[in-house]
Structure formats: C-alpha cells, structure tokens
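> If you scroll down you'll find the structure; I have some questions about it.
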Amino acid sequence: MNDSRASYPNGNPFVLEDDIAYQAWRTDKLQQTSELLEKSDPVEIGDLAAITPAEQDELFRRCEISNAVFYRDMQKTAAPEEASKKMRLFAEKLGLRIAEKHRSAGKDGIVSLQVSDSPGQKGYIPYSTKPMNWHTDGYYNAPDEKIRAMVLHCVRAAQDGGVNQVFDPEISYIRLRDENPDYIAALSHPRAMTIPENREPNGNVRPASIGPVFEVNSDTGHLEMRYTARTRSIEWRDDSATRAAVDFLNSVMNSDDPYIQTIKMQDGDGLLCNNSLHNRTGFDANSEKPSARLLMRVRFHNRVTGRN
C-alpha cells in the first residue's frame with residue numbers, strides 16, 4: 001500500500017461541518033485503537049535489517065490504527081554503528097526514505113540522543129537527563145520540512161527513569177472536537193502557533209516557524225499535528241478560543257487518558273510512528289556515573305507505508 005490519499009467512505013471527518021462523517025470515523029477509530037492497545041505487546045523483530053513480510057504487515061497495521069507501534073529487536077544490537085545501519089534498512093521497508101538533513105545526524109542520517117556537552121548540543125534538552133514535555137518532533141521546522149514519521153530506537157536504556165509516553169494525534173483531535181469544535185477551528189488557524197527565530201552560538205539562524213497545530217495533508221488526506229507543550233520560546237495566537245484549546249489539550253495529556261501509551265524502552269526496544277505526540281521523564285539524576293543511555297533517532301518527511 002502506497003502513501004496515497006486517505007479513504008473516508010462516509011465523507012471527510014476533518015471537515016467541521018460534516019458531523020456524520022466525523023461520528024462514523026470517531027466510532028471506528030476509538031474501537032480499533034481500544035482493541036489494539038488492550039492486547040498488543042511490542043512487535044518482535046528477528047532481524048531489524050531484514051524484517052519479514054509478516055513483521056512488516058503487523059507494524060504497518062498497528063501504525064495505521066494508532067499512528068504508533070512499539071517493536072523489539074530480538075538481537076538487541078549493541079554496537080551503535082551496526083544499529084544505525086539496521087535502522088535505515090528497517091525504515092526503508094516501511095516506505096520511509098525521505099529523511100531530514102539534521103545537523104547532528106551521522107552518515108546514515110541517524111541522530112544519537114545521549115547526554116552531550118559537544119557544541120551544538122549542549123543546553124538542548126534531548127542531549128540532557130532532563131524531562132521532555134509533550135511535543136511532536138520538528139514542531140519548529142518550516143512548513144516544507146515537516147516531520148511526518150520517525151524511528152526511535154533504544155541501544156542502551158537508562159538505569160533509572162527515561163520513561164516515554166505516546167499519544168495519537170488523532171485521539172487528541174477527538175478529545176478537542178468532542179469538548180468544543182471551536183477548539184479545532186482555533187488550532188487549525190494558519191497562525192495558531194509561532195516558534196520564534198532561534199540564533200545559535202555559532203551564528204546559525206533558524207527562522208521563525210508559523211503555522212497551524214492541526215492540518216490535513218492535501219496530498220494524502222491524513223491529519224497532521226505540530227505541537228509543543230513548552231511555555232518558553234513559543235507564541236500562541238492571542239485569542240480566547242486558542243488559549244482555551246491549548247489549556248484543554250494540556251489537561252488531556254496530563255490526565256490518565258486510556259489512550260496514552262507508557263513504556264520504558266529497554267535495550268533493543270523501539271518506536272515507529274507517524275510523528276505522534278510523545279514525552280520523556282528525566283533519567284539517571286542520582287547516578288554516580290554519567291548516564292550511558294543512548295537512543296538513536298531518524299526522522300522523515302513522509303509517512304509510514306506498507307510494502308513497496
């Protein structure tokens with residue numbers, strides 16, 4: 001199955017005026033996701049570099065239902081260089097080929113997320129032991145560099161902490177729309193969220209990023225989300241509906257919503273997702289030695305697809 005326009009036989013559920021289509025889609029979405037989360041352990045992968053058709057189908061099936069799937073590399077590949085190569089081969093099997101050009105990426109386009117004092121990484125939370133609040137990846141990117149999928153792979157787990165939570169953007173959409181459709185209208189405004197310009201110590205400048213939180217991809221028909229719960233270096237559109245929508249969304253993500261998945265990834269565990277909302281607790285804060293936790297990440301501008 002290729003990454004083509006999503007099919008909604010009962011109309012378009014993301015048009016606010018089409019409540020019949022929305023209710024039909026909502027019912028199917030919640031039912032299928034509930035069934036999946038009730039009984040799904042991570043998908044066991046025999047060889048990350050050469051996944052089988054059955055493994056491939058199951059990964060794609062779960063991603064189609066909930067936009068995210070956890071997997072387990074049964075080989076627990078420990079060498080970072082080898083894990084990096086395997087990750088790219090794994091991603092390619094799921095149709096992920098349009099990788100971003102990240103400044104911290106190695107030759108395979110993989111970014112090593114570990115505690116670091118190196119220039120360009122020091123001071124940024126992903127390279128520290130600090131907790132990370134809810135966000136989608138690349139929320140600060142320009143519209144033509146949007147992140148639509150990623151693979152996050154654990155090579156070495158934290159001794160203590162480093163727990164991840166994952167939340168399907170489509171479920172967050174449902175929570176907001178059920179509470180008040182005006183919240184969706186506010187967060188779909190083209191100037192809903194602004195990430196101001198960022199000037200780095202080396203002189204590089206990341207321009208301001210202005211855009212909606214929710215947007216339907218005109219090529220694929222899929223709902224996409226761009227969001228961060230951070231309170232610094234962010235500007236929300238100054239109107240009451242936007243402020244209320246953001247407050248409500250934060251309350252949902254900090255609740256015990258049954259659709260929030262929680263996992264502490266162990267060596268060999270990984271996450272494949274269509275850029276779902278996620279966070280991370282702090283880790284190894286009381287360790288006498290520097291944390292050895294190493295996660296490797298590669299991000300893409302296209303979605304997860306089925307077999308090619």
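> By the scheme Lys and Arg +1, Asp and Glu -1, what is the net charge of all other residues having a beta-carbon under 11 Å from that of THR242? Could you put the intermediate results ahead of the total?
Values: positive: ARG191, ARG237, ARG243; negative: ASP182, GLU235, ASP238, ASP239, ASP247.
With Lys, Arg at +1 and Asp, Glu at -1, the net is -2.
> Same structure again: Give me the percent of accessible area attributable to carbon and sulfur for the chain, probe 1.4 angstrom. Don't skip to the end; give the middle numbers.
Working: 7080 of 14960 Å².
For the chain, the apolar C and S fraction of the accessible surface comes to 47 percent.
> Work out the length of the dipole vector of the range 19-300 about its Cα centre, built from +1 on the beta-carbon of each Lys and Arg and -1 on the beta-carbon of each Asp and Glu, and round it to the nearest 20 debye. Walk me through the intermediate numbers first.
Working: 36 positive and 42 negative charges, 194 e Å.
That gives the range 19-300 a dipole magnitude of about 940 debye.
> Among rounded, prolate and oblate, which fits the range 139-279 when a ≥ b ≥ c are the square roots of the eigenvalues of its C-alpha gyration tensor, a/c under 1.5 means rounded, and a/b larger than b/c means prolate? Let's see the in-between values first.
Numbers: a/c = 1.64, a/b = 1.19, b/c = 1.38.
It is oblate, given that a/c is not under 1.5 and a/b is not larger than b/c.
> Please report the spacing between the Cα centers of the range 25-40 and the range 237-259 in Å, no decimals.
22
> Quick one: dipole size for the range 230-308, taken about the Cα centre, charges +1 on Lys/Arg Cβ and -1 on Asp/Glu Cβ, in debye to the nearest 20. Present the calculation step by step, with values, prior to reporting the outcome.
Working: 12 positive and 10 negative charges, 86 e Å.
Around 420 debye, computed over the range 230-308.
> Looking at the range 19-300, how many pairs of lysines come closer than 16 Å at the Cα, when each pair is eight or more places apart or spans two chains?
Final tally of qualifying lysine pairs is 10.
> Moving to a separate point now. Which value, in debye to the nearest 20, describes the size of the charge dipole of the range 46-105 about its Cα centre when Lys and Arg Cβ atoms bear +1, Asp and Glu Cβ atoms bear -1, and nothing else is charged?
On the way: 11 positive and 10 negative charges, 48 e Å.
Using only the charged Cβ atoms, the result is roughly 240 debye.
> Which listed residue (LEU272, SER209, HIS222) has the Cα farthest towards the positive end of the charge dipole for the chain, taking +1 on Lys and Arg C-beta and -1 on Asp and Glu C-beta about the Cα centre?
Sorting the options by dipole projection puts first SER209.
> Could you tell me the distance between the Cα centroids of the range 67-97 and the range 141-191, to the nearest Å?
First find each Cα centre; the distance between them is then 21 Å.
> Among ILE184, GLN159, TYR173, whose Cα projects farthest towards the positive end of the dipole of the range 139-211, with charges put on the beta-carbon of Lys, Arg (+1) and Asp, Glu (-1)?
Farthest towards the positive end: GLN159.
> Hey, what did the range 19-300 get for relative contact order, percent, Cα under 8 Å, at least 6 apart?
Details: 506 pairs, mean separation 89.3, N = 282.
Contact order relative to length: 32 percent.
> Here is a further query. Per residue, how much accessible area does the range 19-300 show when a 1.4 Å probe rolls over the protein heavy atoms, in square angstrom?
Heavy-atom accessible area per residue stands at 47 Å².
> Once the piece of chain linking SER287 and ASP219 is laid out straight, how much longer is it, given 0.36 nm per residue of separation minus the C-alpha distance between them?
Values: separation 68, 0.36 × 68 = 24.48 nm, distance 4.81 nm.
Taking 0.36 nm per residue and subtracting the Cα distance, the gain is 19.7 nm.
> So, one more: As a test question: what accessible area, to the nearest 10 Å², does LYS130 have when a 1.4 Å probe is rolled over all protein chains in place?
120
> Apply the a/c threshold of 1.5 to the C-alpha gyration tensor of the chain and tell me whether it is rounded, prolate or oblate.
On the way: a/c = 1.58, a/b = 1.18, b/c = 1.33.
Verdict is oblate for the chain.
> For a label point 7 angstrom out from the Cα of SER233 toward its Cβ, which stretches of the range 165-200 have the backbone nitrogen within less than 18 Å?
Zone members listed by number: 193-200.
The values are calculated or read from the model by the stated rules, or taken from the named source; none is laboratory data. This structure is a prediction, so every number in the text was calculated from the model and none was measured. All Cβ positions, even for glycine, are placed from backbone atoms using ideal geometry, and neighbour counts span all protein chains on display. For the accessible areas, the whole protein counts, side chains as well, though only heavy atoms, and no ligand, DNA or RNA atoms are used. Shrake-Rupley method; radii C 1.70, N 1.55, O 1.52, S 1.80 Å.
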